[in-house]
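Written out below as structure tokens is the structure these notes cover.
The values are calculated or read from the model by the stated rules, or taken from the named source; none is laboratory data. Everything quoted here is computed from the prediction, not taken from an experiment. Cβ: placed from backbone, ideal geometry, glycine included. Neighbour counts: every protein chain shown. Please note that ligands, DNA and RNA were not included when accessible areas were found on the heavy atoms of the full protein model with its side chains. Shrake-Rupley method; radii C 1.70, N 1.55, O 1.52, S 1.80 Å.
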Amino acid sequence: MALSIEIRDSPQFYLTAPSPCPYLQGKQERKVFTHLIGERATRLNDVLSHGGFRRSQTIAYRPACESCKACVSVRVPVADFVWNKSFRRTLRANQDVISDMRAATPTSEQYSTFRAYLDERHADGGMADMTVLDYAMMVEDSHVNTKLVEYRLRGDNLPLNRHGEGPLIGVSLTDVLADGLSMVYSFYEPEMTDRSIGTLMILDHIHRTQELGLPYLYLGYWVEGSRKMAYKGRFLPQERLGPNGWDRVEK
């Protein structure tokens, strides 16, 4: 990795070497990144998130591909979000699911769900070999305001854990920013596909962002031409980061 930018009194930015793109076949990706550590981490994460960066542990990064601009940062202005019929059906189908935002503390129960999700959905991805210790680092290695949002079933005759909680079916690692929430990474029980748990978690985060009185939910990158990322285009209206700033998309 080579040093690409160094400005006095500013964070140092680095550029990765080219590697295969995980979203578009035949493409190469490069990323620019910096470290999120120390007292400046929270403020820096806010500023960089507004500029299209994403966080992974103590690293903030964004694509820096020379010949491709397919990765587009997306955020939802939650005050204007349209709860269409499809989203309302998802909420009705999951009335027996409760969510709880808590401290970013990893558990073996979470890792079991994480492992099942990777094995079913991303068995050939870069995270496929993550151990329970790797998972713990992903959750705990943060110098910013990071939370976990757990999703559990409730109802009679369900098995309960030692805390009296119902079965865990989904988890989101979420950063609390100055202007919104940022869904860093989400996973769920793959057998719950018919419930659209992934959609439910985003809808829940939109509601949480509204309750906090914050304007935006950051969803990461929407990648045109990638089936993996196509779902992000459903949450409208939304804003996409372009050369001239955040552009509003209504449909």
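Assorted remarks:
- Residue pairs whose Cβ atoms lie under 8 Å apart, separated by 6 or more positions or on different chains, with the first residue in region 235-251 and touching a residue at least 12 places away in the same chain (Cβ under 8 Å) and on the phi < 0 side of the Ramachandran plot and the second assigned to a strand (DSSP E or B) and small (Gly, Ala, Ser), are ARG240/SER73; LEU241/SER73.
- Where HIS207 falls short, out of the listed (1) more than 27 Å from ILE59 (Cβ to Cβ); (2) in contact with a strand residue (DSSP E or B) (Cβ under 8 Å, 6 or more places away or on another chain); (3) at pLDDT 95 or above: (2)
- Summed over region 225-251, residues that are open to solvent by 30 Å² or more (accessible area, probe 1.4 Å), farther than 13 Å from VAL82 by Cα and over 16 Å from the mean Cα position of the chain (by Cα) total 8.
- The residue list THR193, THR199 contains one member that is under 22 Å from GLN95 (Cβ atoms), among the β-branched types (Val, Ile, Thr) and modelled with pLDDT under 95, which is THR193.
- For region 34-42, the condition holds for at least one residue, the condition being that it is surrounded by 14 or more Cβ atoms within 10 Å (Cβ to Cβ), touching a strand residue (DSSP E or B) at 6+ places or on another chain (Cβ under 6 Å), at pLDDT 95 or above and not charged (D, E, K, R).
- Residues satisfying the stated conditions in region 160-219, i.e. in contact (Cβ under 8 Å) with a residue 12 or more places away in the chain and in a loop (DSSP other than H, G, I, E, B): ASN161, GLU165, GLY166, PRO167, ALA178, ASP179, GLU189, SER196, LEU212, LEU214, PRO215
- Within region 92-111, tally of residues that are over 23 Å from SER182 (Cα atoms) and without any contact (Cβ under 8 Å) to a residue 40 or more places away in the chain: 3
- Residue tally, condition open to solvent by 60 Å² or more (accessible area, probe 1.4 Å) and under 23 Å from TRP246 (Cβ atoms), over region 57-82: 5
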